[in-house]
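The structure appears right after this line, and notes come after that.
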Amino acid sequence: MVSSKDDSSSDSENSSGDVPESNSRLFDEGEKVLAYHGPKIYEAKVQKTEIRKNEWRYFVHYLGWNKNWDEWVDAERLMKYNEENILKQKSLDKKQGVDKSTRSARSTQTKPKSSADAKVDKDEVKNTTPKGKKRKADSGTEKANISSEKLIKIQIPSTLKKQLVDDWEFVTQQNKLVKLPRTPSVDDILAKYLEYRSKKDGMVNDSIGDILNGLRCYFDKALPTILLYKKERQQYHDEMTENTSTPSKVYGAEHLLRLFVKLPELLAYVKIEEDALNRLQQKLLDFLKFLQKNQSSFFLSSYSSTKVSEGGNKSKDN
């Protein structure tokens, strides 16, 4: 699970205002639930409920995990513990290579770094196994792995985490693809953000421009190597053969969001002063909030009916 828990002591502010009827409490104290943490779903128990800023918040304990991972979440992160949602959990676990032996290893109190890289096909990217898994086969290469302490922490908003899950389901489970070229493209989104920041700050910030140029470069290089699912590779080949543009001019928010899952690993190889790293982290978080704010206009609600065969070749349903 991505280390994204709130500090229960610092997150204790409580709104005294009345909660609208439309925002009634959905889960009760002591109730067993299923909770999103990254793109995975875990069994959890609601320990506390509180009204915060006119919204219900739930303090959950992930069953089988150390209490240090207990956290406050909103209702969007939780699901009722019923047969339908359990099947959804099992479907995600099966795709991500999570088996019973992994779950029994939870007593080690080592939390898996669950993110979209855990959803990338195993034969597509090396070292995408969640880092909290028991390591047997990869013990010889463990030294080559980057220490998690050196990784920049990028907190992806919960609604965008669900976007990643939907993205994974469309492509890998429903055999659907993002129709290309996308509008707005990655380049368009970066330009919109620069305009947004310029208006908000009252000036053109050179550091923001440098960060956006860096994101564009990372995206163009990472897209064909670590951001595509196997079923998207034929589409990439066809599109980029016909189109001489860079990936950032062809792909959109769906694939850009995947980059933010891989950025901590990519940035670990870059020498950055700690202060500069902290500032970068804040600016990347601000960009993610911008994506979240414009989620309905930047992201597709459904993907193309174009289906992909196991061999990667695509064919129209109609």
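All of the numbers you see were taken from the coordinates with simple rules; none came from a lab. No experiment lies behind these values; they were computed from the predicted model shown. Ideal geometry is used to build each Cβ from the backbone, glycine not excepted, and the neighbour counts take in all protein chains shown.
Once you have the Cα-Cα distance between residue 94 and residue 285, take 0.36 nm times their residue separation minus that, and quote the gain in nm to one decimal.
Answer, rounded to one decimal: 65.7 nm.
Expected output is a single nm value to one decimal: the length gained when fully extending between residue 203 and residue 271, i.e. 0.36 nm times separation in residues minus the C-alpha distance. What is it?
My answer for the length gained is 21.6 nm.
Can you compute the FRET efficiency between residue 24 and residue 292 using 1/(1 + (r/R0)^6), with r the Cβ-Cβ distance and R0 = 22 Å? Round to the nearest 0.05.
E between residue 24 and residue 292, to the nearest 0.05, is 0.35.
Hey, what do the phi angles of segment 169-179 turn into as Karplus ³J(HN,Hα) couplings, whole Hz, using 6.51/-1.76/1.60 and θ = phi - 60°, x for Gly and Pro?
For segment 169-179, the Karplus curve yields 5, 4, 7, 8, 9, 9, 6, 10, 10, 6, 6 Hz.
Past 24 Å, Cα to Cα: identify those pairs from 32/230; 88/221; 48/289; 249/289; 53/262; 80/176, in the order given.
On the way: 32/230 36 Å; 88/221 33 Å; 48/289 27 Å; 249/289 22 Å; 53/262 32 Å; 80/176 28 Å.
Violating the 24 Å Cα-Cα cut-off are 32/230; 88/221; 48/289; 53/262; 80/176.
Starting from the 7 Å offset along Cα-to-Cβ, what nm value, one decimal, do you get for the label separation of residue 174 and residue 54?
Spacing of the two 7 Å Cα→Cβ label points: 3.3 nm.
Within segment 187-290, which chymotrypsin sites (Phe, Trp or Tyr not before Pro) sit in a loop by DSSP and count at most 15 neighbouring Cβ atoms inside 10 Å?
Passing both the DSSP loop test and the Cβ count: 269.
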